[in-house]
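The values are calculated or read from the model by the stated rules, or taken from the named source; none is laboratory data. Remember, it's a predicted structure, so these values are computed and weren't measured experimentally. Reconstructed Cβ throughout: ideal geometry from the backbone, glycine too, with neighbour counts over all protein chains shown.
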Amino acid sequence: MGSLYLSANPGPWSGVARIFDFGNTFDAYNNAATGEEADGIGLLWDWAMVGKDLWNAVSMHETKLKSSELRAESEVVAR
């Protein structure tokens, strides 16, 4: 679902279809029954994206750390 849950996420074909949407049937932004439910869902997905970003940052750091450790080991072996 992602962090764009509460906003419209149209693609190119829905953009073309909007030309003929005289009744504004494509303007559905979320399925929350109340404002509080929408806020809760929005917060949930915002924190999920923060967690995903942290996970990616830690993974990148671990990859760089392993790469530098392997490089250091190969320099020691080369001596």
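Any residue in the stretch 8-24 that's outside any helix (DSSP H, G or I): show its pairings with residues that are modelled with pLDDT under 75 and charged (D, E, K, R) at Cβ separation under 8 Å, as long as the two are six or more apart or on different chains.
Listed by first residue and then by second, the contacts come to Ala8/Asp27.
The rows are residues; the columns are (1) exposed (fewer than 10 other Cβ atoms within 10 Å of the Cβ); (2) modelled with pLDDT of 95 or more.
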| residue | (1), (2) |
| --- | --- |
| Ala57 | no, yes |
| Lys64 | no, no |
| Ser68 | no, no |
| Glu73 | no, no |
| Val77 | yes, no |
